[in-house]
Amino acid sequence: MNVVQLEHLIRAAGALLGENTVIVVGSQAILATDPTVDDALLTRSMEADLLPLDDPSGDKADLIDGVLGAGSSFDELHGFHGDGVGERTVLLPEGWRRRLIVLVNDNTNGVRGLCLEANDLVVSKLAAGRQKDLEFCRAALGLHLAGHDTVLARLARTELAMLAAWRSR
């Protein structure tokens, strides 16, 4: 996925939900940090994980999945899609909302995509721990889009670190 495709998804999600803001929590959030990034490990996904605001029931996330998700008409037409997710889907460090990067322009039609900051994104990918997530982390750190020390400090401020500390008692 490239930044123009991400902007299109932000625009489409905003129109679908009738809202002016959506949060991008998946790997494609990296495009807000560096819209010109051209690393296959960082941009290989043709989906963006979209977290609707104020969605305790998960209905908005389900709507995104149905209309913009994998196998939808949107996906078939454009070759990329959005996955609606809930806040419990990703493990994020304390304070992540304060560090969101705003992606808004004419291509988003004024809908604000609030994208995870690169270090927070790497923390969430480390917590997920799948092979593709670890490859993403290595690439982001290798390109200096995220910093080792910052990632470690933020990882220490997650539920994962608290659980590990509790288990070691």
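Being over 23 Å from Glu47 (Cα atoms), assigned to a helix (DSSP H, G or I), among the acidic types (Asp, Glu) and modelled with pLDDT under 90, is that true of even one residue in the range 148-159? Yes, the range 148-159 has at least one match. Considering Thr36, Thr108, the condition of being of a type in the set (Val, Ile, Thr), more than 24 Å from Arg130 (Cα to Cα) and in contact (Cβ under 8 Å) with a residue 60 or more places away in the chain is satisfied by Thr108 alone. Every condition in (1) more than 19 Å from Thr43 (Cα to Cα); (2) of a type in the set (Val, Ile, Thr); (3) touching a Lys or Arg at 6+ places or on another chain (Cβ under 9 Å) is met by Val102 except one, and the failing one is (1). Of the helices (runs of 4 or more DSSP H) contained entirely in the range 1-116, those carrying at least 2 residues that are buried (at least 20 other Cβ atoms within 10 Å of the Cβ) fall at 3-17, 30-33, 40-43, 59-68.
One residue alone among Ile10, Ile64, Ile23, Ile30 is among the β-branched types (Val, Ile, Thr) and free of Cβ contacts under 8 Å to residues at least 60 places away in the same chain, and that residue is Ile64.
Within the range 120-131, take every residue that is free of Cβ contacts under 8 Å to residues at least 24 places away in the same chain and not small (Gly, Ala, Ser) and give me the one that is surrounded by the fewest Cβ atoms within 10 Å (Cβ to Cβ). If we take residues in the range 120-131 being free of Cβ contacts under 8 Å to residues at least 24 places away in the same chain and not small (Gly, Ala, Ser), then Gln131 is surrounded by the fewest Cβ atoms within 10 Å (Cβ to Cβ).
The values are calculated or read from the model by the stated rules, or taken from the named source; none is laboratory data. Keep in mind the model is a prediction, meaning the values are calculated, not measured. Cβ atoms come from the backbone with ideal geometry, glycine included; neighbour counts cover every protein chain shown.
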